[in-house]
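First the structure, in the form of structure tokens, and then the observations on it.
The values are calculated or read from the model by the stated rules, or taken from the named source; none is laboratory data. Fair warning: this is a prediction, and the values are worked out from it, not measured in the lab. With ideal geometry, Cβ positions are generated from the backbone for all residues, glycine too; neighbour counts draw on all protein chains shown.
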Ligand code: URA
């Protein structure tokens, strides 16, 4: 078993797909290594590529608003992405890029052992929950698999594009908080 620090070094120097040639910084996940809740988004954006930290751009502000709605901070959760490098022009990460990177997420999950995994957006939900996941219909619902509760919510950037999604996403976050309490974690 590698340590978290070793895993971070692998990610930061990863040569496994073509994104290694275009990235500025690979973006390892960040947060509480004993977190009960792990949030997984799709791939770093432009600000994250510059900073090497997840969700430092405008969608990070939306995420912080949602976390603060249920009274938690980034220090209490763990936040990561399916793909650790920025896909040019913010396109969806390609299946081969996801394939090359997914072992890092599996390893992060093994080390952190979250009880709840929240997929931020369709790409993460399709990768983690079900390849045919329909975010519009299924967001905010939970399923239990391999000792972990899984759910998905709209990606913060979808809320930036359509602010009317904020209210229902706040309700989904309330459900995440309920699940957290149900697990005796409050
Ligand atoms: N969007 C993502 O999917 N991940 C980030 O880290 C930032 C923006």
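Residue-level analysis places residue 65 among those that are more than 10 Å from the ligand (Cβ to nearest atom) and assigned to a helix (DSSP H, G or I).
With respect to (1) buried (at least 22 other Cβ atoms within 10 Å of the Cβ); (2) free of Cβ contacts under 8 Å to residues at least 60 places away in the same chain; (3) in contact with a helix residue (DSSP H, G or I) (Cβ under 7 Å, 6 or more places away or on another chain), the lone exception for residue 56 is condition (1). Here residue 149 clears all of (1) more than 16 Å from the ligand (Cβ to nearest atom); (2) crowded, with 17+ Cβ neighbours inside 10 Å; (3) over 15 Å from the mean Cα position of the chain (by Cα) except the condition numbered (3). Within the option set 106, 134, being more than 13 Å from the ligand (Cβ to nearest atom), modelled with pLDDT of 95 or more and in contact with a helix residue (DSSP H, G or I) (Cβ under 9 Å, 6 or more places away or on another chain) holds for one residue only, 134. Per the conditions (1) loosely packed, with under 14 Cβ neighbours inside 10 Å; (2) closer than 23 Å to residue 52 by Cα; (3) modelled with pLDDT of 95 or more, the sole criterion not satisfied by residue 90 is (3). Would the range 66-79 turn up any residue that is surrounded by fewer than 22 Cβ atoms within 10 Å (Cβ to Cβ) and over 23 Å from residue 175 (Cβ atoms)? For the range 66-79, residues surrounded by fewer than 22 Cβ atoms within 10 Å (Cβ to Cβ) and over 23 Å from residue 175 (Cβ atoms): absent. One residue alone among 50, 24 is surrounded by fewer than 19 Cβ atoms within 10 Å (Cβ to Cβ), within 16 Å of the ligand (Cβ to nearest atom) and in contact (Cβ under 8 Å) with a residue 40 or more places away in the chain, and that residue is 24. Contact map, the range 113-125: residues that are at positive phi paired with residues that are in a strand (DSSP E or B) and at pLDDT 95 or above, Cβ distance under 7 Å, separation 6+ or inter-chain. Pairs shown: 121/41.
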